[in-house]
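What follows is a short report on a single structure.
The values are calculated or read from the model by the stated rules, or taken from the named source; none is laboratory data. Here the structure is a predicted model, which is why all the values come from computation and not from measurement. Here the Cβ positions follow ideal geometry from the backbone for every residue, glycine too, while neighbour counts run over all protein chains shown.
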Amino acid sequence: MKVLYLDPFSGISGDMFLASLFDTGFSHKKLEEELKKGGIKGFEIKAKKVKLKGLSGTRVEVKGGERQVFKNYREFKKILKGLSFKKSIKDDIKLAFEILFSAESRAHGKKTDEVHLHELGTLDTLVDIAGAIVSKEILGIERVYSAPVNVGGGFIKSSHGLLPAPSPLTLDILKGFPLFREGTGELTTPTGAVILKVLKAEFNPSMRFSPEKIGYGIGRYENNPFPDALRAIICNEVKEEEIIVIETNIDDMPPFMFEDLFEKAFQNGALEVYITPVIMKKSRPGYVVSILCEKKKLTDLSSVLFRTTTTIGLRYYPVGRIELLRKKGVINFGGEKIIVKKAYWNGKLTNFSYEYSSVKKTAEKRGMTVKEVLNRLNKKIEE
């Protein structure tokens, strides 16, 4: 699974988020082109390499971004209506600004329709938020994770006067997120907080991942002893989890009854079912039935075992499991589509196999055997 892991050790803002992705090699021109295709006009994204306190990364500026494009929710809805992104992108943009307006209304004790966005109603904010959503789509990011967020401290200037850092708006948006305060200044902005929220950033300290690309989005705050930067890591998540093995020994059941067990076990959430031949007491041949499942499925699958087999008892125990990233592809075989299953480790293709049902279907249609189809496929790959 392709994952974006964010490390906001010095907070997060909209421009730092985009800059961190550009620093991994993602083209800022590509993003600008896609945003303009979607109906956001009158801006230019500038990205340049910079160094700050020994850290090399990318800094972003949205030229023309200071222009106010809406002040209230009614005006925002007009802007949204004029955008031509696909529905899922528009829905996320709408959700992001609804989060902003709702948080602003709670912070000032006003209704959403009465709220006015000052700094946050600019083209820059729209580009940052829409850019984050579109970037995730283009890069094929399936999940976003984050380390705890540094929200800074001290006081910050706003259109309402001096406010504590983090601002009430930022803090409201980040309810439920693990935060910490190190240094001074508005290290996490409302835009950065909304990006974490709308991208559904998760916090999993035990997550295992294999980094592929690393980028640093450099900010402009220089009053802290650490660099003002956001680290983004594009990686493959190593799926490591604990599951349950349910087992029972059987020596008095007709083998044809196992079919019913297999069907009902998979219908009730089994991850895998297999049978191992064994020699049991009094030298009788028998079977060990093993079912792999999530812990929450233990009761359901225990019931399946008792109802479909002759066993009068079972045992279960936890086991660890590491699962490779898996993707499906399609190979054209004389006009027929054959599904290929690919497995990746550390970002590299490790294993692949053909889906048997699609190979069998192709063989039947073309008057061939499964073996002949597989031989032709393997020869094609070798060539």
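Quick notes on this one:
- Whichever residue in segment 29-57 is under 30 Å from Lys328 (Cα atoms) and buried (at least 21 other Cβ atoms within 10 Å of the Cβ) and, among such residues, is nearest to the chain's Cα centre (by Cα): Leu31
- Qualifying positions in segment 93-135 - touching an Asp or Glu at 6+ places or on another chain (Cβ under 9 Å) and of a type in the set (D, E, K, R): Glu104, Arg106, Lys110, Asp124, Asp128
- No other residue among Ile141, Ile89 is in the same structural domain as Glu44 (by TED's automatic domain parsing), surrounded by fewer than 20 Cβ atoms within 10 Å (Cβ to Cβ), of a type in the set (A, V, I, L, M) and touching a helix residue (DSSP H, G or I) at 6+ places or on another chain (Cβ under 7 Å) apart from Ile89.
- Residue that is nearest to Leu52 (Cα to Cα), among those in segment 226-250 that are surrounded by fewer than 17 Cβ atoms within 10 Å (Cβ to Cβ) and at pLDDT 95 or above: Phe226
- Gly192 passes every criterion in (1) touching a Leu at 6+ places or on another chain (Cβ under 7 Å); (2) closer than 22 Å to Ser102 by Cβ apart from (1).
- Test: Gly320 is closer than 27 Å to Glu294 by Cβ and not polar (S, T, N, Q): yes
- When the residues of segment 305-337 are filtered to those that are aliphatic (A, V, I, L, M) and under 22 Å from Lys264 (Cβ atoms), the one that is surrounded by the most Cβ atoms within 10 Å (Cβ to Cβ) is Leu305.
- Counted residues, segment 356-369 - those being surrounded by 14 or more Cβ atoms within 10 Å (Cβ to Cβ) and either touching a residue at least 12 places away in the same chain (Cβ under 8 Å) or among the small types (Gly, Ala, Ser) (or both): 6
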